[in-house]
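Chemist: Mind having a look at this structure? Questions to follow.
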Amino acid sequence: MSQAVYQHEPSPAKKRQLKELIELLQEYESIGITGIENIAAKTIQRIRHSLRGEAKLKVAKNTLMRLALEKVAKERTEELQELESYIHGSCAFVLTDSNPFKIANFLEKNKIPTPAKEGQIAPNDVIVTARDTGFAPGPVIGELQSVGLTTQIEGGTIKITENAVVCKKGEKVSRTLANVLNRLGVEPFTAGLSIEAIFSEGEILTHEVLIVDFDEQRESLIEAYQQAFGLSLELYYPTKQNIQQLLGKTRREALSLALETEFITPETASNILAKTQLEAIALAQKIMAKDPEVLPPELLSLAQETQASSPSAKSETTTEDEDSKEEEPEEEEEEDTGMGSLFG
């Protein structure tokens, strides 16, 4: 019986690994799962280096990852154990105290092109574009055509004449296709990490939720801010952001209302007095036209000066001058007619 127990007892190395995993899961606020299938050790090392100070990448066996989640979920929250459903294939923990959206989008954007390998399942369609291969005519033309490429010989080299999908997403890459792509220098796939799901602040965030177009979100936020700012001004709702504009708008409207109602304040006095003076002069001009003697001398003089300098007065003077000039030739014509009659 003791032998059976011993057979199922984890090795000291695995115990140490499990203990380390548990401690890491307890230490970090956010815990994510990422696949590392078909990712070279050199690429993983580069990603570790790029995440330094922001997140920790911990590779472990799936069994140990599940055991660690089960033990920590009992202490923290049962929702943490839901991450187990994302553990399949070769996986790793992504552990961080930073914003999980920031980490997920950083990993998504920092991937490198990789060549296709024989037997690999294509994660996306593989497209070969039309090009001059630079290959001399020979057996290679048969290889190109065997993977679905349309070719022709031109100028002593083989040219691919049309774009073609040579492998669809989910299909296995054949040996011939892998060789052709490598000879053409086509690296159709990318290597890097994508967080499948992450536990943060009591909930599971999936890959679809984590990946955000920050430029689009920034534009949406700017547009929303501008609309909210305009609405707050219309509603006269004061905030720290609009208080200066709101005070300026209110002051302009108050001045306009004061001028309209002739309410005298230090700001409106000069405009109201100027308006009143113009109205008084206009009234004096009307009285002057009927009986100028009833007006005080100062007001009469001001009315006369204003009337003389007005455009209508100048227009009348100009018209009178033109009329007098037109009348002079008529007098000469009459005189000429009279003189002509003397000699008639």
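Chemist: Charges on Cβ only, +1 for Lys and Arg, -1 for Asp and Glu, centred on the Cα centroid of the chain; of ASN62, SER11, VAL166, which one is farthest towards the dipole's positive end?
Modeler: The Cα lying farthest towards the positive end belongs to SER11.
Chemist: While we're looking at this one, here's another question. What full-extension length gain, to one decimal in nm, is calculated for LYS102 and ARG175 as 0.36 nm per residue of separation minus the Cα-Cα distance?
Modeler: Additional length available on full extension: 22.4 nm.
Chemist: Residue by residue, what Karplus-based ³J(HN,Hα) values in Hz, rounded to whole numbers, does region 86-103 have, using 6.51, -1.76 and 1.60 with θ = phi - 60° and x for Gly and Pro?
Modeler: Once rounded to whole Hz, the list reads 9, 8, 7, x, 7, 10, 8, 7, 10, 10, 7, 9, 7, 5, x, 5, 4, 5.
Chemist: Over 13 Å, how big is the tail of the calculated P(r) for region 166-211, in percent of all Cα pairs?
Modeler: 69
Chemist: When the Debye formula is applied to the Cα atoms of region 233-287, each taken as the same point scatterer, what base-10 log of I(q)/I(0) results at q = 0.19, 0.29 Å⁻¹?
Modeler: Log10 of I(q)/I(0), two decimals: -0.72, -1.02.
Chemist: Taking a threshold of 18 Å on the Cα-Cα distance, which of the pairs LYS111/LYS172; LYS56/LYS102; LYS71/LYS102; LYS14/LYS56; LYS19/LYS56; LYS19/LYS74 fall above it?
Modeler: The answer is LYS111/LYS172; LYS71/LYS102; LYS14/LYS56.
Chemist: Please compute the Cα-Cα pair-distance distribution of region 99-148 with 10 Å bins starting at 0, giving whole percents from short to long.
Modeler: P(r) over region 99-148, rounded to whole percents: 15, 33, 28, 13, 8, 1.
Chemist: Let me ask something additional. Can you compute 3J(HN,Hα) from phi for each residue in region 231-248, using the Karplus curve 6.51 cos²θ - 1.76 cosθ + 1.60 with θ = phi - 60°, rounded to whole Hz and x for Gly and Pro?
Modeler: With coefficients 6.51, -1.76 and 1.60, one gets 5, 5, 5, 5, 8, 6, 9, x, 9, 4, 7, 10, 4, 5, 5, 5, 5, x Hz.
Chemist: Taking just the alpha carbons, could you work out the radius of gyration and Dmax for region 126-188, both in angstroms?
Modeler: Calculated on Cα positions, Rg and Dmax stand at 11.1, 37 Å.
Chemist: Something else about it: Taking 2.2 N^0.38 Å as the expected size of a compact globular protein, what ratio does the Cα radius of gyration of region 73-190 give against it, to two decimals?
Modeler: After normalising by residue count via 2.2 N^0.38 Å, the value is 1.55.
Chemist: If you project the alpha carbons of region 1-96 onto the principal axes, what extent comes out on each, in Å, largest first?
Modeler: The Cα atoms of region 1-96 stretch 49, 31, 23 Å along their principal axes.
Chemist: Please enumerate, by chain and number, the lysines with C-alpha under 24 Å from the C-alpha of LYS240, excluding those fewer than 8 residues away in the same chain.
Modeler: LYS249
Chemist: Assign unit charges at the C-beta atoms only (+1 for Lys and Arg, -1 for Asp and Glu), then state the dipole size of region 119-172 relative to its Cα centre in Debye, rounded to the nearest 20.
Modeler: Computed charge dipole of region 119-172: roughly 160 debye.
Chemist: Can you tell me the convex hull volume per residue for the chain, based on C-alpha atoms, in Å³ to the nearest whole number?
Modeler: That works out to 383 Å³ per residue.
Chemist: Could you give the distance between the Cα centres of region 139-190 and region 205-263, to the whole Å?
Modeler: 57
Chemist: Hey, any idea what the orientation-averaged projected area of the convex hull of region 38-81's Cα atoms comes to, in nm²?
Modeler: Its average projected convex-hull area is 4.2 nm².
Chemist: May I ask you to list the residues of region 292-311 whose amide nitrogen lies under 15 Å from a point 7 Å from Cα along the Cα→beta-carbon direction of LEU278?
Modeler: Taking a point 7 Å out along Cα→Cβ of LEU278, the residues of region 292-311 whose backbone N falls under 15 Å are 306-307, 310-311.
Chemist: May I ask you to derive the FRET efficiency for LEU255 and GLU298 from their Cβ-Cβ distance with R0 = 25 Å, giving the value to the nearest 0.05?
Modeler: 0.20
Chemist: Taking θ as phi - 60°, what are the ³J(HN,Hα) couplings along region 128-137 by the Karplus curve (6.51, -1.76, 1.60), each to the nearest whole Hz, with x for Gly and Pro?
Modeler: 10, 8, 4, 6, 8, 6, x, 7, 6, x
Chemist: Under a plain spin-label model, where a point goes 7 Å from the Cα along Cα-to-Cβ, how far apart in nm are ARG76 and LEU231?
Modeler: Output for this residue pair reads 3.8 nm.
Chemist: Taking only the alpha-carbon positions of region 167-297 and ignoring solvent, what does the Debye formula give for the base-10 log of I(q)/I(0) at q = 0.15 Å⁻¹?
Modeler: -0.99
Taken together, the values in this text are just the output of simple stated rules run on the coordinates, not laboratory data. Here the structure is a predicted model, which is why all the values come from computation and not from measurement. Cβ sites come from the backbone with ideal geometry, for glycine too, and all protein chains shown count toward neighbours.
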